[in-house]
Structures are given as structure tokens and as C-alpha cells.
Amino acid sequence: MALPAFIEAAVAAVQEICACLRTTPQDVLHKRYSQGAGGDVSIGADLLCESILYAHLAPFGILDTEESGLIESPESFLHNPFLPKAPIVPRERNNIIIDPLDGSDNFCSHIPYYGTSLAYTDANGEILAALVANYCTGDIFFRDSAYENGAAFMLCGGALLPYTKTEHTPKAGIFESAFKHGKLATMLHKNGFKARSLGASAVSLAYTRMVSFVVYKGRLRKYDIQAGLFLCHDALLYRDKQILLLSYNREIFDQVCTLLKES
């Protein structure tokens, strides 16, 4: 089954990144650069991932990344020495919202849970397609509104599979940023909910169909949530200025939502 052109290009970029992260010298990957557009200091791995994504995806639109912001002028290239010397002219006036390396701290700590998040939008900001990948496992999740009636899919071990919610009730959920919110973590535990804080919020959102719930509490940046929300468009959702809750189980969703509002 042929993939949409944008998804096919994104998959090729992810595969190249996975290979480069294994073979590039550690001193290059861990070198610290200046503060990126998302507020964190970029490391070489962040910028290398960004440059590979740019090479594959720039023809589809202007990249808006956590590292370099909008990559559309010579000034945009000053932050990332891995980018080509001359900009690639996009064929369309679309935008691609990207976190090139979601879970940079995990990467730096050799914790195998990090990846990328891509949301492909039209000129009006409407999301057309999204892809989230786990660089460590090779799992790739995507959804394109014009492909197979807008269903979600996953690529796993080279196989293309429909990405549907798990048939059994998962034992645990994901609570990203739990270390900052001890009161809520304690409330979840006392009410019988197990949760893990894995350290890569965009990647965690992609796994919503496999776990009992996903909670994120903190600053909701577009780089972290846009692709995951589009990918899990049919999940139960609660969102306010600082909280995001997704689940495919109504009972669990209602109970966790009540705890969130009480915390």
C-alpha cells in the first residue's frame, strides 16, 4: 500500500536519523549549542535530527522547529551548523511543526525513550497529517486526513498496521512531568492508578491507544502536542491551560479527570 508523499518522506527521514544516532561520534551528538526556539539549549543530536528532517521535508513546506523556529531565511540557519548552506525552496506554502528530538534529556542520559513529532499544516494552520516516531524502537505512528479515511496507522518492523486501541485494559498510564506534581501523583496512586513518567511527552501521546491514560501537566507547547492530538483525534480529551488528559477508556478518563480538577 503506497503511503502519502509527506508520510513517505518523513519515514525516510526517521530511518536515516536512527542510523545517524547510532554511528555519529558521541562528542558531536552531545555538544551544547545556543538556546533553541522552544526555550531549551540545543545539543548536536537535536540539530543533526533537525537537519535530516529539513533535507527530507523542506519541499513540503516551511519547517517550524523547537530548535531553530521558522527555517525560511539565512538568519534561520545560524543556529544549526548541520543545515545546508542554501535554503530549500518549498513547493507549497504549508508549515511543518517539529520537535526533532523529543526526549533530549533521555538521549543524553542513555535512557532509550526519545523520538520525533511532526504536524503538517496548511497555510491556515489546519493539520493535514502527523507522524510521531520512537527512535529507540523504530515504532512510527501516523495519520493523514486524506489517506484511508483519516485512520491512524503504525509501522512496526516494516509492517503497516492499523493503529487501534488495545483490546485489554492496560495496567498503567503515562504521567509526563510527574516529578513536578507530587500531589497529583500521590492522588493517582491512592486511587489505584499506576503511571509512569517516561520523559518524552510527544512520543508518549502517540502511545495513548496502548495505555490506560496519558496526562501532561505544564506548559503546552505546539511542538509537544500538535502531532499527538491529531494522531489520537478520537480519544477522550480534557484540556485546559496547563493540563492535557487523553484516554480511550470512559471510566478511567472520568476518574482521572476528577482527580486532575481536584489537584
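Descriptive notes on the structure:
- Look at (1) within 17 Å of the chain's Cα centre (by Cα); (2) closer than 22 Å to ALA129 by Cβ and you find that ASN94 fails only one, number (1).
- Strands (runs of 3 or more DSSP E) fully within the stretch 20-100 that include at least 1 residues being surrounded by 19 or more Cβ atoms within 10 Å (Cβ to Cβ), outside the structural domain of LYS222 (by TED's automatic domain parsing) and of a type in the set (S, T, N, Q): 41-43, 62-65.
- Among the residues of the stretch 148-186, those identified as in a loop (DSSP other than H, G, I, E, B), touching a residue at least 24 places away in the same chain (Cβ under 8 Å), more than 19 Å from THR258 (Cβ to Cβ) and not hydroxyl-bearing (Ser, Thr, Tyr) are LYS165, PRO170, LYS171.
- Selection from the stretch 187-210 of residues that are in contact with a helix residue (DSSP H, G or I) (Cβ under 8 Å, 6 or more places away or on another chain) and in contact (Cβ under 8 Å) with a residue 40 or more places away in the chain: MET187, LEU188, ASN191, PHE193, LEU198, GLY199, ALA200, SER201, ALA202, LEU205, ALA206, THR208
- The listed residue being of a type in the set (A, V, I, L, M), closer than 18 Å to VAL203 by Cα and under 19 Å from the mean Cα position of the chain (by Cα), out of LEU57, LEU63, LEU131: LEU131
- Single residue of the stretch 181-240 satisfying the filter (touching a Pro at 6+ places or on another chain (Cβ under 7 Å) and crowded, with 20+ Cβ neighbours inside 10 Å) that is nearest to ASN95 (Cα to Cα): VAL211
- Among the residues of the stretch 146-180, just one is more than 18 Å from the chain's Cα centre (by Cα), closer than 13 Å to LEU3 by Cα and crowded, with 17+ Cβ neighbours inside 10 Å, namely TYR147.
- For the stretch 184-200, the condition holds for no residue, the condition being that it is within 17 Å of CYS232 (Cβ to Cβ) and of a type in the set (Phe, Trp, Tyr).
- Across the stretch 101-116, the qualifying residues are those that are in contact (Cβ under 8 Å) with a residue 40 or more places away in the chain and over 16 Å from LYS31 (Cβ atoms), and the one among them that is surrounded by the fewest Cβ atoms within 10 Å (Cβ to Cβ) is ILE111.
The values are calculated or read from the model by the stated rules, or taken from the named source; none is laboratory data. Bear in mind the structure is a predicted one, so any value in this text is a computation, not a measurement. Note that each Cβ is placed from the backbone with ideal geometry, even for glycine, and that neighbours are counted across all protein chains shown.
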